[in-house]
Amino acid sequence: MSASTESAGTPKSRRLAPMIVRILLGLGFFVFGLNGFLRFMPEPKTPMPEGAQAFAGAMMKTGYMFQMVAGTQLIAGVLLLLNLFVPLALVLLVPLMVNIIAFHIFLQPAGIAPGLVLTAMELYLAWVYRKAYLPMLAIRPKI
């Protein structure tokens, strides 16, 4: 057996790629989630379109929605970075990813690229961890 494979025969590249993607996705959501509370990132120099401003304003006016989204991002990011409950972290991020993509499609198309990259990473990791979701997708689960 070569040095580039594990004892189970899994090539290093097949173990390394998911780890790198998991860390990058976790880092992205950790940083953006933390920014939701600490506001350390500068505001964009160009103003958001009117619809995007109205949406963001409505989230802030609820008194909880913006904090809940930021908290979910932060928690899921930490779980991904620590390699804990990764399938759960990915499930927590799905509604956020759908909203990120929808936000950019309908309200701010110019900024969609980072959302597409995050979505691609999310889908890749969901595929890697697909066996963890099989019991949840059973038509008639055994209890």
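The values are calculated or read from the model by the stated rules, or taken from the named source; none is laboratory data. Model, not experiment: these values are computed from the prediction. Positions of Cβ are backbone-derived with ideal geometry, glycine not excepted, and every protein chain shown enters the neighbour counts. Surface accessibility is based on the protein's heavy atoms, side chains included, excluding ligands, DNA and RNA. Shrake-Rupley method; radii C 1.70, N 1.55, O 1.52, S 1.80 Å.
Tabulated results
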item	result
Span-like helix ranges in the chain, DSSP H, alpha carbon extent 20 angstrom or more, Kyte mean at least 0.5	12-38, 65-82, 86-106, 112-128
Assigned charges on the beta-carbon of Lys, Arg, Asp, Glu; the chain dipole about Cα centre (debye)	480
Tensor-based shape of segment 30-73 (alpha-carbon gyration tensor, a/c under 1.5 rounded, otherwise prolate or oblate)	oblate
Sparse-neighbour loop sites [trypsin sites (Lys or Arg not before Pro); segment 22-113; at most 11 other C-beta within 10 Å; DSSP]	39, 45
Among 103, 53, 86 the positive-end extreme of the charge dipole of the chain (Cβ point charges)	86
Hits among lysines - C-alpha to C-alpha of residue 61 under 29 Å, sequence gap 8 or more where chains match	45
Zone of residue 143's modelled label, taken as backbone nitrogen in segment 87-128 under 13 Å from a point 7 Å along Cα→Cβ	none
Carbon plus sulfur fraction of accessible area for segment 21-92, probe 1.4 Å, in percent	74
Gain on full stretching of the segment that runs from residue 64 to residue 27 - 0.36 nm per residue minus C-alpha separation	11.0 nm
Max mean-square fluctuation residue, GNM over the chain, Cα-Cα springs under 10 Å, options 49, 109, 11	11
Accessible area per residue, Å², the chain with all protein chains present, probe 1.4 Å	69
Projected label distance in nm at residue 106 and residue 136, using a 7 Å step from Cα toward the beta-carbon	2.4
Chymotrypsin sites (Phe, Trp or Tyr not before Pro) lying in DSSP loop within segment 54-138, provided at most 13 other Cβ fall within 10 Å	64
